[in-house]
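Read the structure below first, then the notes.
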Amino acid sequence: MSDLTGRSGNQQSRWLAVGQSSDSDAGRAGEAATAQALIADDAQLLLVFCSHSYDLQELLAAINRRSGGVALIGCSTAGEIATAGPGDSGVVVTAFGGPGFAVSTACATDASDDLRNAGAKVAHCASALEDKPHRALMLLTDGLAGDQQEIVRGAYGVIGASVPLVGGCAGDDLKMQSTYQLHNESVLSNAVVGAALGSEAPLGIGVRHGWRRVGDPVVVTRSSDNRVYTLNDRPAVDVYLEHLSPPEEARHDPESFTRFALTHPLGLSGRSGEDHVRFVGEANFDDGSLGFIAEVPQGGLAWFMEGDDASVLEATDAACAAALAPLEGQQPLGLIAFDCIARRGILGDEGISTEVDRVARQAGGAPVAGFYTYGEIARTRGQSGFHNQTLVVLAVG
Amino acid sequence: MAELGESWTTQQLVEFLSLVSSFPDEQTAICGAVERAAEALEAEVGAVVSGGALVASTGFPADKVPTELLIAAAEGKTATIEVPGAGRCLVISVPLEEAVTGSLVLARGGEDAFSRLEANLLRGMGRVLTLALQSLRVLRDERALRKRSEEQARENATLLATLQERQRLLERLSKIQRSIVQRADLADVLDAVVAGTAECLGLDAVGLRLLDTEDEEWTMLVASRGLDSGRFPIGSRAHVRDGVSGLAVTEQRLIIARSDSCDTDLLAGLACRGLQSAMAAPILENGRVVGALTAGSRTANYHYSTAEETVLLAFAENASLALTDAKNYGTALHRGLHDMLTGLPNRVLFLDRLEHAANRALRNDPQPAVLFLDLDEFKRVNDTFGHGIGDELLIEVGQRLQGCIRPGDTVARFGGDEFAVLLENVSREEEPAIVARRIMSSLHEPFGVQGHDISVSVSIGIASQSELDDDLLRNADLAMYQAKARGKGQYELFEPAMHATLVERLNLERDLALAVERQEFELAYQPIIELATGAVVAVEALVRWRHPDRGLLAPGAFIHAAEETGLICLIGIQVLRQACAQTAAWQARYPSGTPLGVSVNLSVNQLHHSELISEVSRALDSFGLDRSSLILEITETMLMQDLERGVLTQLKALGAQIAVDDFGTGYSSLQYLQRFPIDILKIDRSFVAGLGEANEPILAQAIIDLGKSLNLRVIAEGLESEEQVTRLIDLGCQWGQGYHYSRPQSASELERLLARSGIKGWNPAPSDSLVS
């Protein structure tokens, strides 16, 4: 059974369908989800979001067998999203089809050696794209490979403002060991995969976080790349713990710290007072430093942040509305969500069901796909396009 | 908000500094700088252009960079550029102070223009980039030089030293800027600037002097390194024009003084500090020079390199940043509660004190009272002497007011010419009135402002607390309003009935606005007569308001409100058009040798209205009225300024004649009469009233003679008896108007008179007045 499908009425025909399976056998799951998604024989791109617990080689082989080798990008996740709701240990396959779409894909391996170059290399696929009035470049990256903003800078350096960026960092169910990126028949790690998507209809992108500042700002007095050593000239961990009063065990146990930190990120102030949220990944209790997923520049002003169900869900609605705005009231073919794992941490299992329901309602009957990420990518204005603790929604018109 | 903005700017600059200083070579530094500048300002496009060539850019697809367009944008030749994916983007470009002309340029989509803060930030980034590039070039040049040398080991050591030096400089600057963001103690920050300068330049002595805030003829040493602290302790003073730092302050530029290139006075100053040479950079606070940072050497003929100059300038700039930030932070609090001009508390602080006083009064017996003050005719001071003198006067008024109250009481300025006084503990009922009288007599003493003696009259409203929930300020305001209405220079105690007056006034203003819309104004006409023959030569048009409920109202009931609301201009236009239309009709029906004249009053507001000339011209043309038959009446008080003279000259150029109404009651001097383009004087009724009796008609005679000698015609107003007419004819006055002939009447009523008495018309040429 197909999860749901969306078809365009006018212009050159386009369609989008989502298939899902939580079968624990990789081959059967891949086969089933792909079968649901392929509602016609002119699919152009498959988007695969799956649990890292599968034998990914086997999963990919089953999908390709079924699709006959349709272009594919995908990644492992920290939870998959489909119209019916969120799930773990499963696979969600989204198919883009019809002559109204144009697709070009690329991948770059060994990303951590030169993140910027990896972003640039993948972005070149946009120049190979057949000419369509609306375009976007979707990037799926390894969030554990280093400063993700560098990947965005690399991509921006190639395509400039001409093509908006969207996407997310692959996950591994919060094990924080290794994540996987999928490109056609290859299972990769420490890689960037991308698909340039052209369409006859608008592709809308919405970004919201839903966090608020707590207390006074702090100055990042010593940092290097993704590590912050001191805040206000004192050990970063001490300052963090003082400002936020976490439960006792988070004060010495790294794992409880990470759980607490998931819902208490750092906000860097931007031009219009808007915060760029940075996820606090871990604490080193020996040297008092904090680890982040992206660069935290030295000398900057920052705030600690917190959120709750209401603020996170408000952000969900707002992100969907922003993504749908360019469609000017037209029904979307589908919505793709890149939802930060930290938001899942706040909402809990019940809350994320509510959240996906809300996204589905905004989709107005069109299918929904997505995954819980280790970092989100969205660039529609300016040049900064890497986000943390954020929901990014792509509305496919 | 502004403060958040300033600290955001400083913070972005610190981040930028850390970043740029981390790049290993020029090209990556430039590319990284462009990218970060664009990210900070959320711009889609960034570029560096140097020596007319594009060096780096971001925001366009790599293979489609519009080089020429970006160069044009950098050179300021285009304000916007089209960017694929971002649409039309606004451009901002700042110079890079390099050997060749360069610019750092950004372009951003959307509606937001780049703010002043953002422009400042980008300029700061440009300067940081320049500095970083300079030190990178030094490094590159040295590297090239050393390559030729065999001494590989020494090269490495020196390179390392240069690198460390650069790193030290940027770390120093970064640390200083961080302490500014953290609002460290200003003295500490300035000391850090001096210490950093000494360390990075490695010179023998460094000093930072600031102007003495008490007396700006002197500077004070604020921080130093390497100076003899016995002879030059912190706080020691020097004349503002003394020495190298003095020169940097007075000339507002970098000064270098060396034994072979400067005068002996400077060298003597250096010598007493044990120095042979020095350079000094000015320090600014909010753009104003307030001091200098000076570094000197004991070595003879020490040569200061460009890099050393840049370092000194960079540290001086950081001192400026710290001073500006401290000043703005310190004054922001004060400024929020005080009036900028006078330094007195503002409305916010006044209300706060009033509330406290009222709360205290709940517990104690003495009650607070509020005096609301408004200077009379203050606008005249500004108009006559200019705003500079007006502002100075306001400052002095504030000072005198403070002299009139007890130490615990408050004088506040609410803006414009409004002041308020809070008397905290009023034990006797008559106390506020005593203070009011004291204030009035104090302000009455002329103020000597820039050589002008100006005395000020003030209207004061007084409200004392009688009920718990009294709004003292509003009540005092109402009472002040009443005092003004009774005539200027008075005080008035608040009474509850004043509320009713206010409501009435507000109703009047509302009705008046409706009346303009519905054209409820009618004209009454009073004939102007040739005294010798009794023939009508002209009519004066007088406005009446047919109020829907209150019937026909005379001008006294509404003109003041019309003036204050500015509606007078619209009413004036309606009056002018009606008068022109009616007169044109009469001229057609009762043809005469010279056509019937019509006289219309202009208010000062109308005279200042930009549309007046075109409206008058349009009214004349619409009804085909002979241009010379229009007389425009102004009052003496309008004969003050060149502005008005210009307007009158233009009106005259249209063909209209200018009459001065109520002549003799104001203070026109002969000089004004000569300078202004005037045709007619109208003798005020007060001079005519005495004519029938035995009084000597000295004043009337004087005005008539004055008219004759200046070749002006004279019309007497308020004629009530045959005797007055006879005397005026004897005195040589040819024309008059008044109840003796006719009261103002409606157009239809006046027609009977026109038919009966005949029309002689108004000859604009003044020559006939000379004949008699």
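Cβ separations smaller than 6 Å between residues 6+ apart or across chains give the following pairs from region B:550-568 residues that are under 14 Å from B:D511 (Cα atoms) to residues that are among the small types (G, A, S) and part of a helix (DSSP H, G or I): B:I568/B:A562. Only one entry in A:A366, A:A360 is over 21 Å from A:S384 (Cα atoms), modelled with pLDDT of 90 or more, part of a loop (DSSP other than H, G, I, E, B) and among the aliphatic types (A, V, I, L, M), namely A:A366. When region A:104-128 is filtered for residues that are within 13 Å of another protein chain (Cβ to nearest Cβ), out of contact with any Leu (no Cβ under 8 Å at 6 or more places or on another chain) and touching a residue at least 40 places away in the same chain (Cβ under 8 Å), the ones remaining, listed by number, are A:R116, A:K121, A:A128.
Results for (1) outside any loop (DSSP other than H, G, I, E, B); (2) more than 38 Å from the chain's Cα centre (by Cα); (3) farther than 18 Å from A:L165 by Cβ; (4) outside the structural domain of B:A40 (by TED's automatic domain parsing), shown as yes or no for each residue.
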site	(1), (2), (3), (4)
B:F60	no, yes, no, no
B:K64	no, yes, no, no
B:E68	yes, yes, yes, no
B:A73	yes, no, yes, no
B:K77	no, no, yes, no
B:I81	yes, no, yes, no
B:L90	yes, no, yes, no
B:S93	yes, no, yes, no
B:L96	yes, no, yes, no
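Summed over region B:45-64, residues that are surrounded by fewer than 17 Cβ atoms within 10 Å (Cβ to Cβ) and within 14 Å of chain A (Cβ to nearest Cβ) total 3.
Candidates in region A:133-153 are the residues that are within 14 Å of another protein chain (Cβ to nearest Cβ) and among the acidic types (D, E); of these, the one that is nearest to A:D225 (Cα to Cα) is A:D147. Taken together, A:R66, A:R135 contain a single residue that is closer than 30 Å to A:D357 by Cβ and not in a loop (DSSP other than H, G, I, E, B), which is A:R66.
Within region B:35-44, the residues that satisfy the criterion of being modelled with pLDDT of 90 or more and facing chain A (nearest Cβ under 7 Å) are B:E35, B:A38, B:A43, B:E44.
Of the strands (runs of 3 or more DSSP E) lying entirely inside region B:483-597, the ones with 3 or more residues being farther than 30 Å from B:A436 by Cβ and under 43 Å from the mean Cα position of the chain (by Cα) are found at B:521-530, B:536-547. Is it fair to say A:G348 is in the same structural domain as A:A78 (by TED's automatic domain parsing) and free of Cβ contacts under 8 Å to residues at least 60 places away in the same chain? Yes: the conditions hold for A:G348.
Among residues of region A:249-262 that are of a type in the set (D, E, K, R), those with a beta-carbon under 7 Å from a residue that is at pLDDT below 90 at least six positions away or on a different chain give the pairs A:E249/A:S256.
Counting only strands (runs of 3 or more DSSP E) that sit wholly inside region A:196-288, those with at least 2 residues that are within 13 Å of chain B (Cβ to nearest Cβ) and within 28 Å of A:G74 (Cα to Cα) are A:203-208.
Residue count for region B:239-258 satisfying the condition of being within 24 Å of B:A300 (Cα to Cα), in contact with a Leu (Cβ under 8 Å, 6 or more places away or on another chain) and not in a helix (DSSP H, G or I): 3. Against the criterion of being among the charged types (D, E, K, R) and either under 17 Å from the mean Cα position of the chain (by Cα) or more than 14 Å from chain B (Cβ to nearest Cβ) (or both), A:E295 does not qualify. Part of a strand (DSSP E or B), more than 14 Å from chain A (Cβ to nearest Cβ) and either polar (S, T, N, Q) or within 34 Å of the chain's Cα centre (by Cα) (or both) - does that describe any residue in region B:112-123? Within region B:112-123 (the criterion being part of a strand (DSSP E or B), more than 14 Å from chain A (Cβ to nearest Cβ) and either polar (S, T, N, Q) or within 34 Å of the chain's Cα centre (by Cα) (or both)), the answer is no, since none of the residues qualifies.
For first residues located in region B:583-599 and closer than 19 Å to B:A524 by Cα and touching a residue at least 40 places away in the same chain (Cβ under 8 Å), partners that are surrounded by 17 or more Cβ atoms within 10 Å (Cβ to Cβ) and aromatic (F, W, Y) and lie 6+ apart or on another chain with Cβ distances below 7 Å form the pairs B:A584/B:F623; B:L596/B:W586; B:L596/B:W762; B:G597/B:W762. The set of residues from region B:98-111 being part of a strand (DSSP E or B) and more than 13 Å from every other protein chain (Cβ to nearest Cβ) comprises B:T101, B:G102, B:S103, B:L104, B:V105. Taking (1) within 9 Å of chain A (Cβ to nearest Cβ); (2) over 23 Å from A:A123 (Cα atoms); (3) not hydroxyl-bearing (S, T, Y) in turn, B:E68 satisfies each apart from (1).
The values are calculated or read from the model by the stated rules, or taken from the named source; none is laboratory data. All values reported here derive from a predicted model rather than from experimental measurement. All Cβ positions, even for glycine, are placed from backbone atoms using ideal geometry, and neighbour counts span all protein chains on display.
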